[in-house]
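Here, each number is a calculation from the coordinates, and none is a lab measurement. Owing to the predicted nature of the structure, the values given are computational and were not obtained by experimental measurement. Glycine gets a Cβ as well: all are built from the backbone with ideal geometry, and neighbour counts include every protein chain shown.
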Amino acid sequence: MKTSKFILGSIIISYILLLFVSSCKNKTEKAESEDTNSVLLENTNTAVQENTDTTSQLDATTAALEEDRGYIVEVGQMAPDFTVILTDGETFTMSENRGKVIMLQFTASWCGVCREEMPHIENEIWQPLKDKDFMLVGIDKDEPLDVVREFAGTMKITYPLALDPGAEVFSLYALKEAGVTRNVIVDQQGKIVFLTRLYEEKEFNDMKDVINSLVQ
């Protein structure tokens, strides 16, 4: 009789232990599942936030391009200083030409609008003013010397063209990813007085008026 009670008691205790172990296992699996879901949710939120941040950056860049036409300088500001090498091997340094009116023409051989504008720059600005206190430099955006020389010959321009490897000079004046066909007019004190973008006849004529009013 005692043996039977002992066996029955052992069975009951074993069953209780089995239920306890099973319960602990279920709780552990549930906790692990919740942790996994939490990690997945956190990763998803992080990815969404990163995508949102990227979209915001793109929207900000687009807004800047639309509002300022890609410029990071403005009229009234001192023109950033730089030195470039011209296609003839000579150098041009912005700050060393104080006292002259300076026109910077940002261009590239692949730019169709540049090709449209450059003959007007040659004939209507450079030729009438090249012997006065005026300096015009075309700055070719990130192209090698042979390409820039061929470009100048094709366009039949006589004003100097400079190399701008990596668009380093360009990025002092405009967003690096912004387009070319832009002119910066700088007065005798080194201050920016006029900015253009693309080629539009009225704006081009307004630029000529500003240059002519400054050049004595």
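Odds and ends about this structure:
- Count of Lys pairs (Cα-Cα under 19 Å; at least 8 positions apart or interchain) in the stretch 83-214: 11
- The stretch 87-101 versus the stretch 167-185: alpha-carbon centroid distance in Å: 18 Å
- Note on Lys176 and Asp142: their simple-model spin labels are 0.7 nm apart, each label 7 Å out from Cα toward Cβ.
- When peptides 142-150, 203-211, 101-109 are ranked by their average number of other Cβ atoms within 10 Å per residue, the highest-first order is 101-109, 203-211, 142-150.
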